[in-house]
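A.B. asks: Right, I'll just put the structure down here and ask away after.
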Amino acid sequence: MDLLEYQGKELFARHGLRVSSGKAVTTVDGAVEAAGEVGYPVVVKAQVLIGGRGKAGGVKLAADESEVRTHAQNILGMDIHGHTVRTLWIEHASDIATEYYASVLLDRSAKKPLVMFSVEGGVDIEQVAEESPEKLIRHHVDPLEGLSHEEAAGIATEGGADADVVEGVADALVALYEVWLQEDATLAEINPLIVTPEREVKALDAKVSLDGNALYRHPENQSLADSENEDPLERRAKEEGVQYVKLDGDIGILGNGAGLVMSTLDVVAQAGGSPANFLDAGGGSDAEKIKQAVELILANDAVKAVLFNIFGGITRGDEVARGLIAAFDDIGAGGKSIPFVVRLDGTNDVEGRRLLQEAALPNVHAAETMNEAAEMVVALAAGDSVGAQA
Amino acid sequence: MSILVDERTRLAVAGITGREGSFHTLNNRRYGTNVVGGVTPGKGGQDVEGIPVFDSWAQAMTDAQPNTAMIFVPPRFAADSILEAAAAGVELVIAITEGIPAHDELRVYNTLKRDHPGTRLIGPNCPGILSPGKANVGIIPASFFKEGNVGVVSRSGTLTYQIGNEIARAGFGCSTIVGIGGDPVPGSSFVDVLELFAADEQTELIVLSGEIGGSAEEEAAEYIAEHVSKPVVAYIAGFTAPAGKQMGHAGAIVSGSAGTAAAKARALEERGVRVGRTPTEAAEIAVEVLGGASVSAP
């Protein structure tokens, strides 16, 4: 779960990291009011979960009320790489002497927390890692011991932080590690971590990702999900407990098991089609859950054809068939005249195929294999007819 | 032979008294797995169809001497159950539970390494391990597999069934099928299981089924090039997955430019591992290699 800058900064402040005072607003008048409170000059910052907002014109300095008004008007509603700006963060502008970079993340390869620090802040850190890797300090922490202040000071020194701010940087690194640890984050990043002319070390930006599986430990963080900018179908799926990701194509996909569904998307793409979604109905889905999933897939108006790819383990083929039949009965899934291709294999596959055949649902086609199913659904989405009614 | 689970397996199950825990435990016993006990705090002294239930892993160890643990408890209790089983001296812990926080997994992995190096963890968020004809620990539907010479290791359950079933239909069987799970910090990675298959006499070919996220496939590619002389066939899922989106599994996510399917397939192919474009093609390559081997055999 990715957090917006201002939400990340709230977590930072909770753990003693220095941030500038600011306020999140959603209207132009709110922006003006907030600017008055935090004091001019201010920075008007678009809150979106995507990089490159500065270059896109989503971050502007304002010296007075009229500038705040102009910038807030321009930025609110702006589209930044497909993300609509609905919230602004109005922050008192900081004087910057130096820009550093700091992050803590879960290194899946080493299976340890990784602290990274660089004096090359304020730029794309992947580029620094690529072009001058010696300028990016990578330090693994023993997760059973945690990050000590001494260790953090060593990282700051090794990375070339100015001698007079080594202590300040170390404090920031330890606090950032605490954010990562205490909030169950998978990533906590500051870019830039600035040093002011007064030699104060401050987080000017915040990028935090929280582990959705750990939210039960953090009820106060549950509301941080960016539901406004979330795709409405993805939000509905989450509420229904279905693993659904919306994609750009026109072929609805339902399968069981994350790996098989990912693979189904690939095979459909290889057959020349474009998947409209990822949907993992999960292990042991009953007819009701399958029906719900069909509703979700068809709620996307772009869908022209649907592929069911089921290899039953715990999931039973007969339950999947009953779910599809119920979807046709109750919600008129067939009424939209959208063709379905069904590939059923595994547990109770014969029974499932028999049920579908008996139900004789309009425009539901049976496929023997995954590859055949993909080819059929691609043809159907393109408006071609195929043989073999289920 | 085969790896990890077989006739010598003595299984105890944490969460045996739950609905899913009891269902799959009894399923495993029906397959022939020797189930010696279960662990549910507060329910010691009860039994599940004759399988004794203990209050703790220490008690289970004293009374029933399990060498294998299966974890079926809810996410918030799973980490402690794994560590408790390890502390009691269980050598192999198979965690089926899905949804364990990543930080818990990190703590478990590093604690096992430091305090219980004799315990191997498979999973979490995995379908378990099946050695056809010998033992089944977990939720893998055993009926699709028969005994044979193909070792399968996978991050995905259903994809394993898909590929394994196609190999079975072509007349080949499996030595062991290992699901290592789809989470960011698995207890065992591809390399750990490849090492076991490489040393296993029964296994003549290894199928590796990977997916987007992390770098376990790239590490496997390097390991295979240096240490595995048996043929390895791979499949990678997630070529069409958009960056930054978690595809079902907690660990299946492309972060920036890292963890893409294309990079993984390339890493494997550059080191001589054949990669199928579809699960079917991966199975076909495996069958082709196996067929070739038997033709050229004396």
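What follows draws every value from the coordinates through simple rules; no lab data is involved. Since the structure is predicted, the reported quantities are computational estimates derived from the model, not experimental observations. Because the Cβ atoms are built from the backbone with ideal geometry, glycine has one as well, and the counts that use them run over all protein chains shown.
A.B. asks: Using only Cα atoms, tell me the angle between helix B:261-270 and the longest principal axis of chain B; keep it within 0 to 90° and round to the nearest 10.
C.D. replies: Roughly 70 degrees, rounded to the nearest 10.
A.B. asks: Sticking with this structure for a sec: Quick one: dipole size for the protein assembly as shown, taken about the Cα centre, charges +1 on Lys/Arg Cβ and -1 on Asp/Glu Cβ, in debye to the nearest 20.
C.D. replies: Details: 54 positive and 98 negative charges, 331 e Å.
That gives a dipole near 1600 debye.
A.B. asks: Find the relative contact order for the stretch A:232-381 and round it to a whole percent, using C-alpha pairs within less than 8 Å whose residues are 6+ positions apart. It would help to have the intermediate numbers written out before the result.
C.D. replies: Values: 329 pairs, mean separation 37.1, N = 150.
So the answer I get is 25 percent.
A.B. asks: Right, something else. Given H placed on each backbone N at 1.01 Å, which residues far from B:Met70 in sequence or on other chains put an amide H within less than 5 Å of it?
C.D. replies: Close amide H contacts, sequence-distant or interchain: B:Ala12, B:Val13, B:Ala14, B:Ile94.
A.B. asks: Roughly what % of DSSP beta bridges within chain A run antiparallel, to the nearest 5? Provide the component values of the computation, followed by the final result.
C.D. replies: Numbers: 47 of 65 bridges.
Beta bridges within chain A, antiparallel portion: roughly 70 percent.
A.B. asks: How large is ³J(HN,Hα), in whole Hz, for each residue of the stretch B:32-39 in order, when computed from phi with the Karplus curve 6.51 cos²θ - 1.76 cosθ + 1.60 and θ = phi - 60°, using x for Gly and Pro?
C.D. replies: For the stretch B:32-39, the Karplus curve yields x, 5, 7, 9, 9, x, x, 10 Hz.
A.B. asks: Could you work out the relative contact order of the stretch A:154-217, using alpha carbon pairs under 8 angstrom and six or more residues apart, expressed as a whole percent?
C.D. replies: 27
A.B. asks: Taking 0.36 nm per residue of separation and subtracting the Cα-Cα distance, what length does fully extending A:Glu230 through A:His92 add? Present the calculation step by step, with values, prior to reporting the outcome.
C.D. replies: Numbers: separation 138, 0.36 × 138 = 49.68 nm, distance 2.85 nm.
Gain on stretching A:Glu230 to A:His92: 46.8 nm.
A.B. asks: I've got another one for you. What residues have an amide H closer than 5 Å to that of A:Gln243, excluding those fewer than 5 places away on the same chain, when H is modeled at 1.01 Å from N in the peptide plane?
C.D. replies: Distant-sequence amide H within range of A:Gln243: A:Asp280.
A.B. asks: Let me ask something else about it. Please list, in chain and number order, the residues 5+ apart from A:Thr98 or on another chain whose amide H is under 5 Å from its amide H, with Hs placed from the backbone.
C.D. replies: A:Val195
A.B. asks: Alpha carbon centre of the stretch A:1-52 versus the stretch B:1-58: separation in Å?
C.D. replies: Cα centroid to Cα centroid, the span is 53 Å.
A.B. asks: Run the reach check for A:Lys60 against lysines, Cα to Cα strictly under 27 Å, same-chain hits fewer than 8 apart removed. What comes back?
C.D. replies: Counting by Cα, and skipping residues close in sequence, A:Lys60 has these lysines nearby: A:Lys9, A:Lys23, A:Lys45, A:Lys202, A:Lys207.
A.B. asks: Tell me, what is the percent relative contact order of the stretch A:184-249, built from C-alpha pairs under 8 Å that lie six or more residues apart? Let's see the in-between values first.
C.D. replies: Working: 58 pairs, mean separation 15.0, N = 66.
Contact order relative to length: 23 percent.
A.B. asks: While we're on this one: Whole-Hz Karplus ³J(HN,Hα) for the stretch B:83-95, in order, using 6.51 cos²θ - 1.76 cosθ + 1.60 and θ = phi - 60°, x for Gly and Pro?
C.D. replies: Here the 3J(HN,Hα) series is 5, 5, 4, 5, 5, 6, x, 6, 7, 10, 10, 10, 9 Hz.
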